[in-house]
Amino acid sequence: MIRICMSCQSDLGKVESQIHSPETITHGLCERCSEKMLYESLGQPLEEFLDSLGVPVLVVDSARRMQTANQAACDLLGKKREDISDRTGGDVIECTHAHRPGGCGVQVHCKTCTIRLAVTRAFETGEPQLGIPAFPDIQFGSEIKNFCLSISTSRVGEFVLLIVEDMRVAAEPRQPERTCDVGVS
Ligand SMILES: [Zn+2]
């Protein structure tokens, strides 16, 4: 995979990948643009900087809540910016598990959620997680659709950027299963 800076398009180097072709492009922020996001954007809304990136990006805080997102992410998820800020990742993508009692983060499924793990690893190690395939079940009213996402995460200061490189429907819709799952803490 080729990794480029979302802001200045500079080359961040090649990345070995078992699942992606050498031509696949993945995104991050170079050091200079990370500093721009953290410091220069203080003078202007952070959203303005994020909107300039052109790739769907969500900003996650250390409590694993979405701080904000850029317009491309809002368009992709069909949500307004104010419906994303201070919400969990599961709420934002309408993950079917987030609709269960206790919500996103405490379900049995959440322990193996690849999106959650990619965010956590970026926070804990500072290492970007690149081109991670994720297959969330997303709720549309009474229907559930299995989606295929490719995500990357990158820590910038106290935040992790959750970059949605690709998002498409993976399987036919189905009715919600009856379940007796209980939340775990
Ligand atoms: Zn850059």
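The values are calculated or read from the model by the stated rules, or taken from the named source; none is laboratory data. These numbers come from a predicted model, not from an experiment. Here the Cβ positions follow ideal geometry from the backbone for every residue, glycine too, while neighbour counts run over all protein chains shown. Side chains are part of the model used for accessible areas, which takes the heavy atoms of the whole protein and leaves out ligands, DNA and RNA. Shrake-Rupley method; radii C 1.70, N 1.55, O 1.52, S 1.80 Å.
One table, with the values for the structure above:
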| item | result |
| --- | --- |
| Conditions (1) within 14 Å of V160 (Cα to Cα); (2) touching a residue at least 60 places away in the same chain (Cβ under 8 Å): number failed by T88 | (2) |
| Every pair of residues 6+ apart whose Cβ atoms lie under 6 Å, when the first sits in the stretch 6-25 and is without any contact (Cβ under 8 Å) to a residue 40 or more places away in the chain while the second is basic (K, R) and open to solvent by less than 50 Å² (accessible area, probe 1.4 Å) | L12/R3; G13/R3 |
| Residue within the stretch 28-41 that is touching a Pro at 6+ places or on another chain (Cβ under 7 Å) and closer than 18 Å to Q129 by Cβ present | yes |
| Single residue of S34, S62, S52 found to be open to solvent by 70 Å² or more (accessible area, probe 1.4 Å), farther than 30 Å from I144 by Cβ and within 16 Å of the ligand (Cβ to nearest atom) | S52 |
| Complete set of residues in the stretch 10-19 that are surrounded by 11 or more Cβ atoms within 10 Å (Cβ to Cβ) and in a loop (DSSP other than H, G, I, E, B) | S10, V15, S17 |
| Filter result for A73 (away from the ligand (no atom under 16 Å from the Cβ), at pLDDT 95 or above and either among the hydroxyl-bearing types (S, T, Y) or outside any strand (DSSP E or B) (or both)) | yes |
| Where I2 falls short, out of the listed (1) open to solvent by less than 60 Å² (accessible area, probe 1.4 Å); (2) farther than 30 Å from G103 by Cβ; (3) more than 10 Å from the ligand (Cβ to nearest atom); (4) in contact (Cβ under 8 Å) with a residue 60 or more places away in the chain | (4) |
| Matching option when the condition is open to solvent by 30 Å² or more (accessible area, probe 1.4 Å), among the small types (G, A, S), touching a Leu at 6+ places or on another chain (Cβ under 8 Å) and on the phi > 0 side of the Ramachandran plot, among G102, G141, G157, G78 | G157 |
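Conditions (1) among the small types (G, A, S); (2) within 15 Å of the chain's Cα centre (by Cα), marked per residue:
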position: D51; (1), (2): no, no
position: A69; (1), (2): yes, yes
position: S85; (1), (2): yes, yes
position: C95; (1), (2): no, yes
